[in-house]
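These notes are about the structure you will find just below.
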Amino acid sequence: MRTQVCIIGGGPSGLLLSQLLHLKGIDTVLLERQSREYVLGRIRAGVLEHGFAKLMREARCGDRMDREGEIHDGFFIAHGGGMDRVDLHKHTGGSSVMVYGQTELTRDLYEARDRMQGVVIHNAEDVLPHELLSVAPHVTYRDGDEVVRIDCDYVIGADGFHGVSRKSIPKDVLREYEKVYPFGWLGVLSRTKPVSLELIYARNERGFALCSLRSQVLSRYYIQVPLTDTVGQWSDDAFWQELKHRLPAEVAARLVTGASIEKSIAPLRSFVAEPMRYGNLFLAGDAAHIVPPTGARGLNTAGSDIHYLYQALVAHYQRGDDAGLHGYSAQALARVWKAQRFSWWLTTLLHTFPDSSAYDHKLQQAELAYLFSSAQALASLAENYVGLPY
Ligand code: FAD
Ligand code: PHB
């Protein structure tokens, strides 16, 4: 088989890129290790920045998002028993975010790929990129007993943090930067009315909590838990009890509880791999970088990678201009590190660290007091939350 761009990974990064390129007449083959049902069963991001929503529209996948997604002009931070609102609209001169689940967005992208007869190969086993430094790289995968070879011009590694692409870059070329946090987030999805129209990020001595949503009948809640905890240890009742403890009393009093329809623990990690290009392999999204979910930056930063890569590949194929491909890694990493900084800052501000001292607690309180007394500090938070420009 031959294609122009072989994309490894059928998460939002890979699907979005293949859809955008196809619309420009650039041929792609996408290889996904899992079945479609498995990919669509993962519950992850909920908050999209304006730039990501724009890319979805450009990919002609924005109709349902625009119909069913919710525009949010602000969110709350609960601390010290009360709540303060971050007015995104006011502090960014009119920007906002879109609440629309990654699961729905991925479904929309798969449907668009089907409509355009895009080549998406599921259950591709043992995917391996080869000869990445040559002008004729290829990718192999196993389909049962048969090994299939795909020849291409470029390989895109959009296969998430545990994928094979980053691992194919030699160790003496790749530099990895990592920070692992001593806790995870236990997330619950429930078919209940959300406790608040806007998200609530809660700082509490017992640990961080987040009240989010997917729609007015579907809620998504998270609590910070030790890394040693397992999902099996947390009954629904125990989860709701703990969540209530961490929210201001008046919020806890109106929390509607119900059976969980999904429950999982995600460890928190900050990670960046540099460079994001090796020969004719380009990394994008979680394959190259991870942030803790606190600032809702992960998918959104994958979106900026895809934007840069899309522009660069179109310039190459339509105009023979390779400046974008040469500059991709540096351009993407410049924005990636800003998202790293913001996610680390918000995580540090709102979580309870097992080894933190009384002094650290006082600093968190002072930082929150400063934030809500300074229009400049709020503007900085809001600017980063709605997404820095591409
Ligand atoms: P992935 O979604 O990981 O997709 C990679 C794909 O590659 C997968 O389908 C995988 O099966 C496939 N794959 C892996 N290995 C191989 C292989 N060897 N061969 C072929 N295929 C392979 N981000 C936000 O912006 N906002 C949020 O509100 C937000 N909330 C989050 C909440 C949680 C609990 C979590 C865990 C994450 C959250 N994120 C959020 C982050 C966001 O979900 C990720 O950044 C996003 O999924 C990255 O997309 P991706 O396509 O790069 O990678
Ligand atoms: C979510 O709804 O899953 C979500 C929202 C905001 C975050 C992280 C996750 O910061």
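Where both residues lie in segment 2-91, what percent of DSSP beta bridges are antiparallel, nearest 5?
The answer is about 60 percent antiparallel.
Of R149, R115, R107, which has the largest mean-square fluctuation in a 10 Å C-alpha GNM of the chain?
Comparing R149, R115, R107 in a Gaussian network model of the chain, the most mobile one is R115.
Given the C-alpha atoms of segment 126-257, compute the convex hull and give its volume per residue in Å³.
About 200 Å³ per residue, rounded to a whole number.
Compute a Gaussian network model of the chain, connecting alpha carbons closer than 10 Å, and tell me which residue from D355, D305, D87 fluctuates the most.
D355
Quick one: which of 163-176, 35-48, 285-298 comes out on top by average Cβ neighbours within 10 Å, and what's the full order, highest first?
285-298, 35-48, 163-176
Would you list which lysines come within 28 Å of K193, measuring only between C-alpha atoms, while excluding same-chain residues fewer than 8 positions from it?
K90, K244, K263
Antiparallel DSSP bridges in the chain: what percent, to the nearest 5?
75 percent
Normalized C-alpha radius of gyration of segment 40-97, against 2.2 N^0.38 Å?
Here the answer is 1.39, to two decimals.
Going 7 Å from the Cα of T228 in the Cα-to-Cβ direction, what parts of segment 171-185 have a backbone nitrogen less than 17 Å from that spot?
181-185
Let me know the charge dipole size of segment 26-146 about its Cα centre in debye, to the nearest 20, where only the beta-carbon of Lys, Arg (+1) and Asp, Glu (-1) is charged.
Roughly 420 debye, rounded to the nearest 20.
With a 1.4 Å probe and all protein chains kept in place, how much accessible area does H79 have, in Å² rounded to the nearest 10?
40 Å²
Using all alpha carbons of the chain, what is the percent of pairwise distances in each 10 Å bin, ordered from the shortest bin to the longest?
P(r) for the chain, in whole percents per bin: 5, 23, 32, 24, 12, 4, 0.
Running a GNM on the chain with Cα contacts under 10 Å, which residue among A273, A284, A136 ends up with the highest mean-square fluctuation?
A136
Hey, rough spin-label estimate for K193 and A252, points 7 angstrom out along Cα→Cβ, what's it come to in nanometres?
The modelled label-to-label distance comes out at 2.2 nm.
How much mean residue ellipticity at 222 nm does the chain get from its helices, if each DSSP H run of length 4 or more adds -39500 (n - 2.57) and you divide by all residues, to the nearest 500 deg cm²/dmol?
That comes out to -11500 deg cm²/dmol.
As I understand it, the dipole of the chain uses +1 on the Cβ of Lys and Arg and -1 on the Cβ of Asp and Glu, about the Cα centre. Which of G320, M116, F76 lies farthest toward its positive end?
Value computed over the given set: F76.
Report, in debye and to the nearest 20, how large the dipole of the chain comes out about its Cα centre when Lys and Arg carry +1 and Asp and Glu carry -1 on their Cβ.
540 debye
The values are calculated or read from the model by the stated rules, or taken from the named source; none is laboratory data. Because the structure is predicted, anything quoted here is derived from the model rather than measured. When we count neighbours, we look across all protein chains shown, and the Cβ atoms used for this are built from the backbone with ideal geometry, even at glycine. These area figures cover heavy atoms from the full protein model, side chains too; ligands, DNA and RNA do not enter into them. Shrake-Rupley method; radii C 1.70, N 1.55, O 1.52, S 1.80 Å.
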